[in-house]
Number of protein chains: 2
Amino acid sequence: MNREQLIEIVREQMPEKRWQHTLGVMETSVRLAEQYGADPAKAELAAILHDYCKYWQVDEQAEVVRESGRDLEVLEYDKQLWHAPAAAWIAEETFQIEDEDILNAIRYHTSGRPNMSLLEKIVGLADYIEPGRDFPGVERLRELAATSLDEALLAGFEGTIRVLLDQRKIVYPLTLLTRNDLVAKLNM
Amino acid sequence: MNREQLIEIVREQMPEKRWQHTLGVMETSVRLAEQYGADPAKAELAAILHDYCKYWQVDEQAEVVRESGRDLEVLEYDKQLWHAPAAAWIAEETFQIEDEDILNAIRYHTSGRPNMSLLEKIVGLADYIEPGRDFPGVERLRELAATSLDEALLAGFEGTIRVLLDQRKIVYPLTLLTRNDLVAKLNM
């Protein structure tokens with residue numbers, strides 16, 4: 001399957017608006033990869049697939065996560081988190097992607113994790129700052145991204161945590177561990 | 001050893017200002033116990049001992065935690081957290097307190113934990129709102145405490161988390177798990 005065929009299949013999984021978001025994440029991931037010295041082709045491939053399951057029925061997303069036999073603890077948390085590990089499993093099983101770094105960039109694009117790889121950081125940050133995103137603080141993230149991947153990502157995850165605190169929603173513990181890990185490294 | 005003898009020994013462990021804080025936590029713990037139906041004597045005993053190790057050298061605090069053989073993960077986090085499990089061990093070993101609820105109220109007074117007991121909540125909240133405390137938001141905690149132990153405690157832990165985010169310091173994961181647990185129960 002070539003790039004264009006894959007893109008057509010991905011596009012069919014989601015409404016047009018979300019597809020435009022995926023295009024934005026692809027473009028931003030490639031740009032960040034070039035800027036920070038990662039492989040642009042890997043970054044683009046992870047970006048193409050990162051939201052593959054986002055508009056599936058949530059019980060289908062859960063089924064895929066269960067089928068994968070890993071990341072099962074995510075099912076005890078918000079449904080918004082399920083599409084990431086589900087898409088990583090689809091990438092591996094349906095599209096035969098074997099590169100662990102690409103799979104992990106898909107798997108952890110929402111929550112992050114401690115010790116994120118460069119590729120994981122790039123796709124996670126691209127998801128926050130792609131041109132279609134418009135939330136309070138996104139401009140600051142884009143400014144930070146120009147000089148520091150880690151500072152931008154930290155600001156992104158902290159923003160997420162603060163919104164969840166404000167909205168009285170559960171904060172996914174892995175997101176806090178990711179934020180703590182970035183703080184520890186940046187404060188060194 | 002009677003109450004007065006214990007109080008004299010505790011008083012010798014800390015500067016006068018911290019002793020005044022302990023007196024405030026004792027008074028507030030007794031009041032909250034009476035208000036919310038816990039045992040005032042247990043609440044007072046936990047309060048008397050909760051900061052026993054607070055002004056010890058940090059390496060002595062760490063030594064006591066290691067000696068206890070539990071809560072060892074706390075040693076990977078901020079030193080401000082060590083005095084609580086250290087004091088729980090002193091309460092058990094030096095003062096032969098066997099009541100697990102009292103020991104846990106001491107052990108978790110800083111971080112909380114999911115599924116806190118009534119006594120644990122009381123001592124944890126008293127530590128936030130005793131009359132000597134003066135930080136932004138403390139008056140709101142005192143108001144909430146008049147009607148809901150859980151709402152007041154949630155506001156306390158959330159305040160702690162926000163301050164740590166603002167100060168770019170590590171958030172102890174157990175504090176977030178405690179906050180999530182309170183949110184889940186209050187949102188039911």
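The values are calculated or read from the model by the stated rules, or taken from the named source; none is laboratory data. Here the structure is a predicted model, which is why all the values come from computation and not from measurement. A quick note on method: Cβ atoms are made from the backbone with ideal geometry, for glycine too, and the neighbour counts reach across all protein chains shown. Side chains included, ligands, DNA and RNA excluded: accessible areas come from the protein's heavy atoms. Shrake-Rupley method; radii C 1.70, N 1.55, O 1.52, S 1.80 Å.
Given 10 °C and 1.306 mPa s, compute D for chain B with the Stokes-Einstein relation, Rh being the Kirkwood radius over Cα pairs; round to the nearest whole µm²/s.
Estimated via Stokes-Einstein, D reaches 96 µm²/s.
Quote the relative contact order of chain A in percent (integer), defining contacts as alpha-carbon pairs under 8 Å separated by 6+ residues.
Averaging sequence separation for qualifying contacts and normalising by length gives 20 percent for chain A.
Just from the alpha-carbon atoms, what are the Rg and Dmax of segment B:80-188 in angstroms?
14.0, 41
So with the 1.4 Å probe, I'd like the accessible area per residue for segment A:29-88, rounded to whole Å². Please list the in-between numbers first.
Numbers: 2820 Å² over 60 residues.
On a per-residue basis, segment A:29-88 sits at 47 Å².
Where does each of A:67-79, B:43-55 land if you order them by average Cβ count within 10 Å, highest first?
Put in order of decreasing packing, that is B:43-55, A:67-79.
Among B:Ala91, B:Val123, B:Val183, pick out the residue whose Cα is farthest towards the positive end of the charge dipole of segment B:51-188, where Lys and Arg carry +1 and Asp and Glu carry -1 on C-beta, about the Cα centre.
Result: B:Val183, furthest along the dipole toward the positive end.
Using the structure shown, list the pairs from B:Lys54/B:Lys121; B:Lys17/B:Lys79; A:Lys54/B:Lys185; A:Lys169/B:Lys185; A:Lys54/A:Lys121; A:Lys79/B:Lys169 with a Cα-Cα distance above 22 Å, or answer none.
In this structure, A:Lys54/B:Lys185; A:Lys79/B:Lys169 exceed 22 Å between Cα atoms.
Filter the DSSP H helices in chain B by two things, a Kyte-Doolittle mean of at least 0.5 and an axial alpha-carbon span of 18 angstrom or more, and list the hits by number.
B:149-166
What average number of partner chain Cβ atoms lie no more than 10 Å from the Cβ of the residues making up B:172-179?
Counting Cβ atoms of other protein chains within 10 Å of each residue's Cβ and averaging gives 3.
Starting with the highest mean, order A:89-100, B:95-106 by the number of other Cβ atoms within 10 Å, averaged over the residues of each peptide.
B:95-106, A:89-100
Using a 1.4 Å probe on the protein chains only, how many percent of the accessible area of chain B belongs to carbon and sulfur?
In chain B, the share of accessible area belonging to carbon and sulfur is 50 percent.
What 222 nm value per residue comes from the helices of chain B, counting each DSSP H run with n ≥ 4 as -39,500 (n - 2.57) and dividing by all residues, nearest 500 deg cm²/dmol?
Result for chain B: -20500 deg cm²/dmol, rounded to the nearest 500.
Where the eigenvalues come from the Cα gyration tensor of segment A:21-88, what are the semi-axes √(5λ) of the equivalent ellipsoid, largest first, in whole Å?
27, 12, 9
Provide the buried accessible surface between chains B and A in square angstrom, both chains summed, 1.4 Å probe, rounded to the nearest 100. Please report the intermediate quantities before stating the final value.
Details: alone 9640 and 9620 Å², together 17470 Å².
Counting protein atoms only, the buried area is about 1800 Å².
How big is the dipole moment of segment B:3-136 about its Cα centre under a simple scheme where the beta carbon of each Lys and Arg is +1, that of each Asp and Glu is -1, and everything else is neutral? Debye, nearest 20, please.
Dipole size: approximately 380 debye.
Given 20 Å bins starting at zero, what is the percent of C-alpha pairs of the protein assembly as shown in each, up to the one with the largest pair distance?
All Cα pairs, binned at 20 Å, distribute as 26, 46, 25, 4, 0 percent.
Please average, across the residues of B:180-187, the number of beta carbons from any other chain that are within 10 Å of each residue's own beta carbon, and give a whole number.
Rounded to a whole number, the mean comes out at 3.
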